[in-house]
Each structure stands twice: as C-alpha cells, then as structure tokens.
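This report refers to the structure that appears directly beneath it.
Just so you know, all these numbers are worked out from the coordinates, no wet-lab data involved. From a predicted model like this one, the values you see are computed outputs, not experimental measurements. Cβ placement follows ideal geometry from the backbone for every residue including glycine, while neighbour counts extend to all protein chains displayed.
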C-alpha cells in the first residue's frame, strides 16, 4: 500500500509533540502493511468518503483512498473528525 501526505497533513504533523509523532509513525507503519490492523481501528467516517484511524486514545488521522493509494488528510485530536464532516 502506497501512502501520500497532503499539505494539511504535513502541517498537522509538524504541530504534534514528539510522543504523538512517534505513535503516528508507528500507526502509519501498520497502515502501510495492513490497513485492517486491529490497533488502527481504521474505518469510514459516516456519510463521507473519508476514513479515519487511531493514533492514540485521543488522537486520530484521516485519509482518502484512490485505488491502492492512501492519501493522508489530517492528524490531530478528535476535533479533526468534526472538521472533516463539514
């Protein structure tokens, strides 16, 4: 699975503190190997074409599929899910 990083995702990533970045890097490794990895809890955001996965208990990332490519959209607290629904 190939993963691409959107500009908003890159900006969000830079703003995360080191511990969350480390957890996100681990989650992205799982994502690239197996998007269905149980720790990601990767699922579709209801009513959208956007998917989201777990970084930590409080942090999430969002993505879109384009064929066999995953495009990462955002990373942050649960609040990003509310922004993505709009």
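A single member of 22, 44, 11 is exposed (fewer than 15 other Cβ atoms within 10 Å of the Cβ), free of Cβ contacts under 8 Å to residues at least 24 places away in the same chain and closer than 11 Å to residue 76 by Cα, and it is 11. If the condition is being more than 10 Å from the chain's Cα centre (by Cα), outside any loop (DSSP other than H, G, I, E, B) and over 17 Å from residue 6 (Cβ atoms), then the stretch 37-72 contributes 43, 44. Here is the figure for the stretch 1-36: residues that are in contact with a strand residue (DSSP E or B) (Cβ under 9 Å, 6 or more places away or on another chain) and assigned to a loop (DSSP other than H, G, I, E, B) total 4. Scan the stretch 47-77 for residues that are out of contact with any strand residue (DSSP E or B) (no Cβ under 7 Å at 6 or more places or on another chain) and in contact (Cβ under 8 Å) with a residue 24 or more places away in the chain and the total you get is 3.
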